[in-house]
1. Could you please state, rounded to a whole Å, how far the C-alpha centre of the range 145-178 is from the C-alpha centre of the range 11-51?
2. Using DSSP to call loops (not H, G, I, E or B), can you name the GluC sites (Glu not before Pro) in the range 46-135 whose Cβ has at most 14 other Cβ atoms within 10 angstrom?
3. Going by alpha carbons, how many degrees (0 to 90, nearest 10) lie between the helix axis of 12-51 and the longest principal axis of the chain?
4. Helix 160-188 versus the longest principal axis of the chain: what is the Cα-based angle in degrees, 0 to 90, to the nearest 10?
5. Which angle from 0 to 90°, rounded to the nearest 10, does the C-alpha axis of helix 195-213 make with the longest principal axis of the chain?
6. Using a simple spin-label model with points 7 Å from Cα along the Cα→Cβ vector, what separation in nm is obtained for residue 136 and residue 31?
7. What is the extension gain from residue 178 to residue 62, computed as 0.36 nm multiplied by their sequence separation minus the C-alpha to C-alpha distance, in nm to one decimal?
8. What is the spin-label model distance, in nm, from residue 171 to residue 23 if the labels are put 7 Å beyond Cα along the C-beta direction?
Amino acid sequence: MRRVSSTSLPSPQAQQRRGFWLRTLHSWHWISSAMCLVGMLLFAITGLTLNHAARIEASPQTRSATAQLPAPLLRALGTHEEGDAPLPVVVRDWLDARFDIAIGQRQAEWSASELYLSMPTPGADAWLSIDRESGSVEFERTDRGWVSYFNDLHKGRNAGPAWSWFLDVFAVACLVFCITGLCLLQMHARQRRSTWPYVGLGLVVPLILALIFIH
C-alpha cells in the first residue's frame, strides 16, 4: 500500500482558508446569478432577435391626430426665441390629456413659426408640432411592436436614465458572476482537468472568428 506523506497534505490553516474562500465565492456567485437571471435571459433572447432582425417581420402601426390649441394656451407659448426648452406646464398638461401621452420635461425645438417635439421611446417613435401662429397641432406615433421594444431595451435606446442605471448595475452584477465563476474554476481545476481547455476554447473560438471572418 502506498503511503501518503504528511508533508503533501495541506495544513489545517490552508484548509480553513480554502474553505473560507470557497464559501465566500459560492455566496457571491449564487447571489449575483440570482440578480442577473432574468436580465441575462432577456439579453440572450434579444441578442437572438437582434442578430436575426432582418428575418423577423414587423408590422409598424402609425397613429396620427390633429387638434387646435385653445387661444389662452397659444398665448402661453409667449414669444420664446429659437432654441431648445420645455413646454409650459399648462400646454404640456393639455397635450397629455388630448393625445394620451406623457411629455414630461422633454426639450422642444422652438422656432419663430413652429414648435417641434420629438418623443422617441423603446419600440416606438413619435413627434408633435405646433404652429405658433394658428395653434394647429399635429401628432404622430409609430409603434413597431414588442420585439422592437425589447430590442431597444437591449441597446438602451431612448429608455431614459433609470434604465441606463439599471444597465450599469446589471453589468456590474454580471462581472461579479463571471469573476467569481473564474475563481471557482481555478479552485476546482485540479479535480477537473478539462477546466482550462474549455476556458481557452471560449477565448480562442471568438478570436479566430474575429480574425478570419470579420473584415
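Each reported figure results from applying straightforward, stated rules to the coordinates on display, with no laboratory input. Just so you know, these numbers come straight off a predicted model, no measurement behind them. All Cβ positions, glycine included, derive from the backbone under ideal geometry; neighbour counts span all protein chains shown.
1. 19 Å
2. Values: sites: 57, 81, 82, 109, 114, 133; in loops: 57, 81, 82, 133.
Answer in residue order: 57, 81, 82, 133.
3. Orientation of helix 12-51: about 40 degrees from the principal axis.
4. Approximately 10 degrees, to the nearest 10.
5. The answer is roughly 40 degrees.
6. Distance between the two pseudo-spin positions: 6.2 nm.
7. On the way: separation 116, 0.36 × 116 = 41.76 nm, distance 4.27 nm.
Extra length from residue 178 to residue 62 when fully extended: 37.5 nm.
8. With each label placed 7 Å out from Cα toward Cβ, I get 3.5 nm.
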